[in-house]
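The values are calculated or read from the model by the stated rules, or taken from the named source; none is laboratory data. Just so it is clear, the model here is predicted, and its values are computed rather than measured. Positions of Cβ are backbone-derived with ideal geometry, glycine not excepted, and every protein chain shown enters the neighbour counts. We work out accessible area using only protein heavy atoms, side chains counted, and drop any ligands, DNA or RNA first. Shrake-Rupley method; radii C 1.70, N 1.55, O 1.52, S 1.80 Å.
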Amino acid sequence: MRQTQFLIPTLKEDPADADVASHRLMLRSGLIRQLASGLYTWLPLGVRVLRRIEKVIREELNLSGAQEVLMPVVQPAELWRESKRWDKMGPEMMRMQDRHQRDFCLGPTHEEVITDLFRREIQSYRQLPVNFYQIQTKFRDEVRPRFGVMRAREFTMKDGYSFHLDQASFDETYKEMHDCYSRILTRLQLDFRAVDADTGNIGGSNSHEFHVLTNAGEDTIAFATQGSYAANLEKAVAAPPAPRPAARSSLTKVPTPGQTTIEQVARHLNSSEKQCVKTLIVKSDDEDKPLIALVLRGDHELNTIKAQKLEGVHNPLEFADPAQIKASIGCDVGSIGPVGLDMKVLVDPEAAALADFICGANEDGYHTSGVNWVRDVALDDANIRDMRNVVPGDPAPDGQGSLDFLRGIEVGHIFQLGTVYSEPMQASVLNENGRSVAPIMGCYGMGVTRLVAAVIEQNHDDQGICWPRPVAPFQVHILALNYAKSDPVRTAADTLLDACNKNGIEALLDDRPERPGVKFADADLIGLPFRLTIGDRGLAEGNVEFKVGRDANQVIPVDNVMSVLMDALSA
Ligand code: ATP
Ligand code: MG
């Protein structure tokens with residue numbers, strides 16, 4: 001391919017609104033352009049990268065026995081009403097009407113469509129298990145599209161769905177998909193980790209996420225420093241605390257004028273944040289008892305994903321507003337405590353393990369010290385519920401060392417769905433005994449466009465992208481210096497390009513009438529795995545320069561170029 005015939009609009013300067021390296025470099029190296037918030041056009045170089053990633057994904061999935069289908073982006077609302085998700089999905093799902101005022105959405109995911117396909121086309125247990133996948137556009141009207149294609153509104157996902165007669169068959173496929181995802185990410189040369197995860201809007205129980213490890217990741221992963229435990233912070237748990245010590249102090253109301261944060265109160269009372277509890281008031285699902293109190297140890301943070309799954313708590317989580325708190329409790333947010341609180345109180349295990357603790361007195365300007373569960377506040381075991389974010393240093397839940405944190409980009413997510421779609425949508429097959437049963441489903445997502453950003457996060461330096469060979473848009477960059485004016489350079493460069501094409505080596509020839517400095521800077525930015533530099537001076541001595549990645553140039557005889565290149569490519 002000749003660069004004069006291939007659009008690569010590189011940018012010299014960093015774009016202003018790109019916060020992470022991958023976004024900056026994708027814009028600067030001419031892979032993508034933004035159309036509107038969260039919407040991107042893929043330029044020719046970017047498309048080549050996408051196609052390479054898709055190829056790896058397809059090869060591995062086909063090998064694992066999955067079948068490729070292609071479902072529509074536009075989906076009828078009826079299907080989503082059947083699964084009860086039409087209302088549940090919220091504003092992330094883009095809805096619209098056709099000319100007959102029928103409701104449709106832009107598919108944020110395809111469980112409903114595949115379940116509909118299944119119920120129409122598959123009737124017998126003999127046809128199971130089946131595993132379908134597609135590589136298709138998804139639309140999610142994300143609250144905060146950011147980091148370029150990492151969190152876009154329109155993006156490409158590989159999504160897959162499997163159907164099984166029994167759990168054993170599902171388990172086998174789930175494991176195969178887990179292995180398949182590991183093979184794909186290994187082939188893409190990514191440093192990744194599979195972790196336990198929350199199931200989110202998709203529903204179902206068990207799930208694993210695959211994270212590409214990088215500081216630019218949006219997700220925090222908690223992992224055991226010694227054992228194998230690893231989970232998304234959204235879901236991570238620590239080992240239970242030691243049993244609660246016996247009460248020693250008596251309940252005392254203490255003035256804390258103007259002290260409203262845990263930090264201020266702890267300092268004011270010469271105590272520590274760990275000896276305080278914080279009480280957060282959230283909205284419930286019950287109109288008669290609209291508020292629920294969540295109690296955490298003072299130094300811990302609420303995990304909203306865990307909290308909104310607690311029984312009675314409104315999902316999505318909503319905090320009570322200050323006016324509502326004042327009206328029902330009689331104080332400001334900074335003075336709430338569980339003693340005498342007239343509402344359901346749920347307590348995190350670490351807060352429940354405290355004795356002689358400090359909390360708000362439900363009266364502005366006062367706190368209570370020497371508080372003890374049971375003696376001063378009723379506490380039922382059923383109300384002790386994990387709701388906090390683990391912190392580094394917490395003991396791992398399996399007792400294998402302590403937890404530490406890593407940052408990751410979620411590139412894949414595999415779920416056990418059970419029958420949450422097959423039952424309400426009445427997908428069924430006849431089993432060996434002629435009885436109708438709902439198939440157990442699994443679903444398997446992988447962010448194809450997000451993977452491009454993840455690869456770049458792990459493979460770049462100050463000068464630009466350093467493409468790993470399995471993903472690179474071209475393998476070889478031929479820089480022809482003075483191509484327009486020098487006959488020997490032009491002849492040598494054209495001959496090399498020709499030889500590459502004939503040998504199936506994907507090469508990009510910089511034949512632009514640009515200064516050498518511009519060509520070098522662009523080549524560094526685009527970052528192809530191998531580079532050949534052809535200039536008048538070297539050619540006069542029968543040589544060209546060969547460069548592997550960011551290594552130093554090697555001078556090689558022009559006659560040896562193809563054999564050197566072929567060796568390097570087969571290494
Ligand atoms: P996230 O927690 O990042 O929002 P999710 O749990 O909503 O992800 P899934 O529904 O499991 O994601 O989608 C499967 C895969 O699709 C994800 O693992 C991710 O790689 C990709 N993906 C999801 N949302 C986006 C997005 N807005 N932009 C790009 N890729 C995305
Ligand atoms: Mg999401």
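Can you say whether residue 524 is surrounded by fewer than 16 Cβ atoms within 10 Å (Cβ to Cβ), in contact (Cβ under 8 Å) with a residue 24 or more places away in the chain and among the acidic types (Asp, Glu), as far as the supplied structure shows?
In short, no.
Mind checking which residues of the range 22-49 are out of contact with any Pro (no Cβ under 9 Å at 6 or more places or on another chain) and buried (at least 21 other Cβ atoms within 10 Å of the Cβ)?
Hits for the range 22-49 are 22, 25, 26, 29, 32, 40.
Just give me the residues in the range 330-368 being among the small types (Gly, Ala, Ser) and under 20 Å from residue 263 (Cβ atoms), in sequence order.
Listed by number, the residues that qualify are 334, 335, 337, 351, 360, 361, 365.
I'd like to check something: does the range 63-86 contain any residue that is away from ligand 1 (no atom under 16 Å from the Cβ), closer than 22 Å to residue 40 by Cβ and β-branched (Val, Ile, Thr)?
yes
Just one of (1) away from ligand 2 (no atom under 14 Å from the Cβ); (2) closer than 28 Å to residue 185 by Cβ trips up residue 100, so point out which.
Result: residue 100 fails condition (2) only.
Taking the conditions exactly as written (outside any strand (DSSP E or B) and either closer than 30 Å to residue 23 by Cβ or within 16 Å of ligand 1 (Cβ to nearest atom) (or both)), does residue 420 satisfy them or not?
yes
So residue 92 passes all but one of these: (1) over 30 Å from residue 17 (Cβ atoms); (2) in contact (Cβ under 8 Å) with a residue 12 or more places away in the chain; (3) open to solvent by 20 Å² or more (accessible area, probe 1.4 Å). Which condition number does it fail?
(1)
For residue 209, are the conditions met, namely being within 16 Å of ligand 1 (Cβ to nearest atom), open to solvent by less than 70 Å² (accessible area, probe 1.4 Å), in a loop (DSSP other than H, G, I, E, B) and not aliphatic (A, V, I, L, M)?
Considered against the rule, which asks whether it is within 16 Å of ligand 1 (Cβ to nearest atom), open to solvent by less than 70 Å² (accessible area, probe 1.4 Å), in a loop (DSSP other than H, G, I, E, B) and not aliphatic (A, V, I, L, M), residue 209 comes out as no.
When the residues of the range 305-322 are filtered to those that are of a type in the set (Asp, Glu) and without any contact (Cβ under 8 Å) to a residue 12 or more places away in the chain, which remaining residue is nearest to residue 282 (Cα to Cα)?
321
If you take the residues in the range 423-449 that are assigned to a strand (DSSP E or B) and of a type in the set (A, V, I, L, M, F, W, C), which one is farthest from residue 182 (Cα to Cα)? Working first, answer last.
First, pick out the residues of the range 423-449 that are assigned to a strand (DSSP E or B): 429-430, 436-437, 440-447.
Retained after the next criterion (residues that are of a type in the set (A, V, I, L, M, F, W, C)): 429-430, 437, 440-441, 443, 446.
Numbers: 429: 32, 430: 34, 437: 32, 440: 23, 441: 21, 443: 16, 446: 12 Å.
Going through the qualifying residues, I end up with 430.
So, in the range 133-156, of the ones that are in contact with a helix residue (DSSP H, G or I) (Cβ under 6 Å, 6 or more places away or on another chain) and open to solvent by 10 Å² or more (accessible area, probe 1.4 Å), which residue ends up farthest from ligand 2 (Cβ to nearest atom)?
135
Exactly one of (1) surrounded by fewer than 21 Cβ atoms within 10 Å (Cβ to Cβ); (2) under 17 Å from residue 297 (Cβ atoms) is unmet by residue 387. Its number?
Condition (1) is where residue 387 drops out.
Of all the residues that make up the range 237-251, how many are under 45 Å from the mean Cα position of the chain (by Cα) and open to solvent by less than 70 Å² (accessible area, probe 1.4 Å)?
Taking the range 237-251 first, the residues under 45 Å from the mean Cα position of the chain (by Cα) are 237-247.
Then drop every residue that is not open to solvent by less than 70 Å² (accessible area, probe 1.4 Å), which leaves 237-239, 241, 247.
Total satisfying the criteria: 5.
Would you pick out the residues in the range 422-437 that are buried (at least 19 other Cβ atoms within 10 Å of the Cβ) and either more than 16 Å from residue 127 (Cβ to Cβ) or out of contact with any helix residue (DSSP H, G or I) (no Cβ under 8 Å at 6 or more places or on another chain) (or both)?
425
Confirm whether residue 457 is of a type in the set (Asp, Glu), in contact (Cβ under 8 Å) with a residue 24 or more places away in the chain, open to solvent by 10 Å² or more (accessible area, probe 1.4 Å) and not in a strand (DSSP E or B).
Spelling it out, residue 457 is indeed of a type in the set (Asp, Glu), in contact (Cβ under 8 Å) with a residue 24 or more places away in the chain, open to solvent by 10 Å² or more (accessible area, probe 1.4 Å) and not in a strand (DSSP E or B).
Check whether at least one residue in the range 536-546 is open to solvent by less than 40 Å² (accessible area, probe 1.4 Å) and closer than 12 Å to residue 477 by Cβ, and report yes or no.
Among the residues of the range 536-546, at least one is open to solvent by less than 40 Å² (accessible area, probe 1.4 Å) and closer than 12 Å to residue 477 by Cβ, which makes the answer yes.
Hey, which of the strands (runs of 3 or more DSSP E) in the range 254-364, taking only ones fully inside, have at least 2 residues that are under 27 Å from residue 231 (Cβ atoms), in contact with a Leu (Cβ under 9 Å, 6 or more places away or on another chain) and open to solvent by 20 Å² or more (accessible area, probe 1.4 Å)?
Ranges flagged: 277-283.
Only one residue in 102, 126, 144 is more than 22 Å from residue 416 (Cβ to Cβ) and either within 15 Å of ligand 1 (Cβ to nearest atom) or in contact with an Asp or Glu (Cβ under 8 Å, 6 or more places away or on another chain) (or both). Which one?
Answer to the check: 144.
List pairs: first in the range 160-178 and without any contact (Cβ under 8 Å) to a residue 40 or more places away in the chain, second assigned to a helix (DSSP H, G or I) and among the acidic types (Asp, Glu), Cβ under 6 Å, 6+ apart or cross-chain?
No pair meets every condition.
Just to be sure I understand, how many residues within the range 105-123 are loosely packed, with under 15 Cβ neighbours inside 10 Å and within 16 Å of ligand 1 (Cβ to nearest atom)?
0
Would you check which residues across the range 1-50 are touching a residue at least 60 places away in the same chain (Cβ under 8 Å) and among the β-branched types (Val, Ile, Thr) and list them?
Answer for the range 1-50, where residues must be touching a residue at least 60 places away in the same chain (Cβ under 8 Å) and among the β-branched types (Val, Ile, Thr): 4, 8, 10, 20, 32, 49.
Of all helices (runs of 4 or more DSSP H) completely enclosed by the range 48-152, which ones contain at least 1 residues that are touching a Leu at 6+ places or on another chain (Cβ under 8 Å) and not acidic (Asp, Glu)?
Once the helices (runs of 4 or more DSSP H) in the range 48-152 are filtered for at least 1 residues that are touching a Leu at 6+ places or on another chain (Cβ under 8 Å) and not acidic (Asp, Glu), what remains is 111-121.
Can you tell which of 224, 238, 197, 152 is within 12 Å of ligand 1 (Cβ to nearest atom), in contact (Cβ under 8 Å) with a residue 60 or more places away in the chain and over 24 Å from residue 22 (Cα atoms)?
Criteria check complete, one pass: 197.
Could you please let me know if residue 529 is within 30 Å of residue 179 (Cα to Cα), touching a helix residue (DSSP H, G or I) at 6+ places or on another chain (Cβ under 8 Å) and either touching a residue at least 12 places away in the same chain (Cβ under 8 Å) or open to solvent by 20 Å² or more (accessible area, probe 1.4 Å) (or both)?
So residue 529 does not fit the description; no.
On the basis of being touching a Ser or Thr at 6+ places or on another chain (Cβ under 6 Å) and open to solvent by 10 Å² or more (accessible area, probe 1.4 Å), does residue 416 make the cut? Let's see the steps before the verdict.
On the way: touching a Ser or Thr at 6+ places or on another chain (Cβ under 6 Å): yes; open to solvent by 10 Å² or more (accessible area, probe 1.4 Å): yes.
Here the answer is yes, as residue 416 does meet what is asked.
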